[in-house]
Amino acid sequence: MLIDSMLIVKAIVYSISIALGATGVTIIYNATKTFNFAHSSMVGWGVYVVFAFFFLFKGLPQIYFPIAFIFSGLLGVATYFTVNRRLIMAKASDINLMMSTLGVDLILFAFLNIFADYLLYAHKISIAKNFVLETWDPYLSIFGVSVRLTWVIAPIVFVMIFLFIHFMFSKTRIGVAMRATIENPALAQIQGINPDVVYLTSWFLGGGLAGLSGGILAMTFTGRPSIGMEVVVTFFAGAIVGGLETVYGGFLGGFLVGLSEYILPAMLAPTVGSWINSYKMIIPLSIMVITLLIRPSGLGIMIKRRVRI
Amino acid sequence: MIELNPLVELIILNFSLGLMVAISLNIEVGFLRIPQFGRLLAVIAGAIVAAAIPGRILALYLGMPAGIEYANHMYNFRIVFEINRFLSKNPLLSITLFLSTMVMAAIVGGVIGYLCAYPALRLKGAYLGITLLTFGEIITSIAWNYQPLVGGTTGVFVVNPFGFVGRGSSSLAVISILVISIVSYVYAELLIRSPFGRMLKAIRDSEVAAEVYGKNAVKARAETLVIGGAMAAVAGALWAIYTGSMKASTYTRLTWTFWPWAFMMLGGVGNNLGVLVGVLLYTLARTAIIQYKHLLTSVIPISAEWLEYILIGIVIVAVILYKPQGLIPEKPALTLSRKTIEKIKDKIDTSTKNYQQTT
């Protein structure tokens with residue numbers, strides 16, 4: 001069975017993007033018990049921050065990834081201060097927490113579209129609503145094989161983020177404080193941990209990861225304002241399959257969903273026919289549904305037993 | 001046949017469909033706290049029924065291709081055109097067809113609700129909400145890609161059962177939609193006053209306590225999902241019939257899941273009257289935005305569409321922050337009307353008085 005090596009590389013880059021975004025969902029859910037619907041617009045803003053900075057200040061698109069991270073992180077912080085904080089204090093039900101982020105999502109989505117219109121009309125960027133940043137992605141030559149810069153940068157970013165989160169949650173004070181708050185908010189407060197700081201950090205990290213995954217997504221997909229809305233179900237599937245209980249679940253679920261969406265159709269296509277490519281979005285979602293029906297709290301629970309996070 | 005003003009027609013249409021979907025959500029979310037983020041699933045299933053079945057039956061009857069060719073965009077418009085011409089001469093058949101389409105949509109929606117009951121038993125909270133949302137995405141993707149069903153990306157035309165009145169057929173359609181939505185509102189109101197409705201609220205408030213009293217929470221959940229799914233599917237079928245075409249991409253989770261959620265939260269979760277008020281307020285606001293679009297865009301340089309998104313986003317956030325119970329909070333449902341209860345009370349009072357006087 002031969003699978004195109006290009007396809008595998010693309011699948012990995014896509015999976016990295018999904019894994020980062022899913023981890024963002026998981027971190028926010030873990031700390032604040034809020035399932036963040038606003039993730040879709042935060043991803044969309046990540047895409048557009050990279051696009052706008054690249055077009056206004058030139059250079060390589062990849063150097064604006066940190067700005068996408070910070071911008072979407074600040075969106076998360078703003079969401080926390082305006083909406084989420086009050087609801088957590090009022091002990092709102094989880095349905096209300098979810099719905100409030102949906103309201104935020106609609107507002108952010110509207111502003112994203114207004115921003116795209118602004119780029120289109122004020123800056124005369126004709127492709128502002130439909131662009132392929134991949135064309136500006138330079139080729140590198142590594143051992144005589146020409147590869148795109150994103151294919152190298154995305155794994156590096158992923159490993160960095162993974163190590164950062166691992167060390168943060170296991171070694172630093174804020175990470176341990178976050179874990180304590182996740183386990184038992186009341187006890188953590190007695191020990192002098194300020195839950196406000198924990199929630200704030202989780203919103204910044206979660207939003208930031210959404211922005212970063214949007215940046216990577218912008219390098220592989222056609223960018224448009226609705227891109228976040230289109231992929232967000234896959235992000236949710238990744239987060240849920242991994243299990244919302246542990247941060248590593250997001251990484252695991254993201255890879256499971258991302259790889260299955262690309263590689264399974266390619267493997268099945270020679271035997272069942274090429275029609276399966278049209279349904280490639282259904283495959284990861286079905287995997288998610290089946291996993292959940294067998295194991296209602298996701299796969300992450302298995303890691304949790306071993307690693308204790 | 002009377003013809004309504006297009007604006008009035010639009011308001012009634014949006015109000016009725018919004019009401020049906022929001023009420024069906026309210027039955028599941030308000031009465032039983034199922035995080036139903038997959039409303040789109042039943043709605044689009046109803047639309048598929050309306051688009052795929054009645055047209056094919058009539059095509060068979062009239063001796064036209066009803067198989068894969070029916071959904072082919074090359075033949076579909078001609079077939080549907082012929083069927084519509086045939087139907088416009090047969091009022092009785094049209095009405096029967098319309099009603100049977102509604103019944104079929106309700107059955108399919110109910111079956112889908114029943115299938116959702118299994119995950120609804122195993123999963124909790126966000127897991128269930130996202131799983132249901134995913135079901136909606138899966139069925140949309142199938143309808144969009146599987147061409148023989150409802151035409152895939154090109155869509156199909158839907159048979160118009162109101163053609164027999166000639167001009168003003170869309171007004172008749174809107175009035176029928178309004179009638180059906182009022183019927184479903186009354187049904188939901190009767191449901192919540194029935195013993196079944198009270199059982200649902202008991203399970204919602206404390207499942208363990210309800211089970212102690214011998215209430216079957218599993219069965220109640222499945223039945224609620226069936227009722228909600230059937231109602232939403234009828235709404236989807238009505239929308240497909242009104243628009244006269246069915247294209248999977250026009251059914252998004254935003255319009256058929258999230259906006260009804262917003263209506264429901266604005267009006268008051270668990271209160272049918274509140275939901276009605278929420279839908280009405282929002283429909284009027286939305287129509288006003290569309291109507292005064294040019295005026296608005298000259299004041300603020302924003303496309304009116306995004307203004308609508310911002311408005312609904314702010315409404316959702318503000319309601320949850322400042323009025324989590326909605327405009328009209330849920331009240332204990334009175335099983336008898338207030339008058340009857342007062343009459344009974346008077347009777348008891350007088351009889352006790354008489355009793356005291358005699359002793």
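Listed values, structure above:
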| item | result |
| --- | --- |
| Structure-based [θ]222 nm, chain A - -39500 (n - 2.57) summed over DSSP H runs of at least 4, per residue, nearest 500 | -24000 deg cm²/dmol |
| Global form of region B:98-213, assessed from the alpha-carbon gyration tensor, a/c cut-off 1.5 | oblate |
| Order of A:K124, A:K10, B:K331 under a 10 Å beta carbon neighbour criterion, fewest first | A:K124, B:K331, A:K10 |
| Max mean-square fluctuation residue, GNM over chain A, Cα-Cα springs under 10 Å, options A:I153, A:I27, A:I142 | A:I142 |
| Cα gyration tensor category, rounded, prolate or oblate, for region B:10-136 with a/c compared to 1.5 | prolate |
| Helical contribution to [θ] at 222 nm, DSSP H n ≥ 4, -39,500 (n - 2.57), averaged over chain B, rounded to 500 | -24500 deg cm²/dmol |
| Residue order, fewest to most beta carbons within 10 Å, for A:M219, B:M246, A:M267 | A:M267, A:M219, B:M246 |
| Pair-distance profile P(r), taking every C-alpha pair of chain A, with 20 angstrom steps and integer % | 33, 57, 9, 0 |
| Among B:A126, B:A210, B:A51, residue whose mean-square fluctuation peaks in a GNM of chain B (springs only between Cα atoms under 10 Å) | B:A126 |
| Amide H contacts under 5 Å for B:S245, placed H, 5+ residues apart | B:V158 |
| Within 10 Å of each Cβ in B:72-81, the average number of Cβ atoms from other chains | 0 |
| Rounded tilt (10° steps) of B:338-358 against the dominant C-alpha axis of chain B | 20 |
| Residues A:F115, B:F37, sorted so that the one with the fewest Cβ neighbours within 10 Å comes first | A:F115, B:F37 |
| Most fluctuating residue given options A:L119, A:L187, A:L97, as computed from a GNM of chain A linking Cα atoms under 10 Å | A:L187 |
| Average partner coverage of B:190-203, which counts Cβ from other chains inside 10 Å | 0 |
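The numbers here are math on the coordinates, done by the rules we state, and not lab data. All of these numbers come straight from a predicted model, not from anything done at the bench. Glycine also receives a Cβ, built like all others from the backbone with ideal geometry; neighbour counts cover every protein chain displayed.
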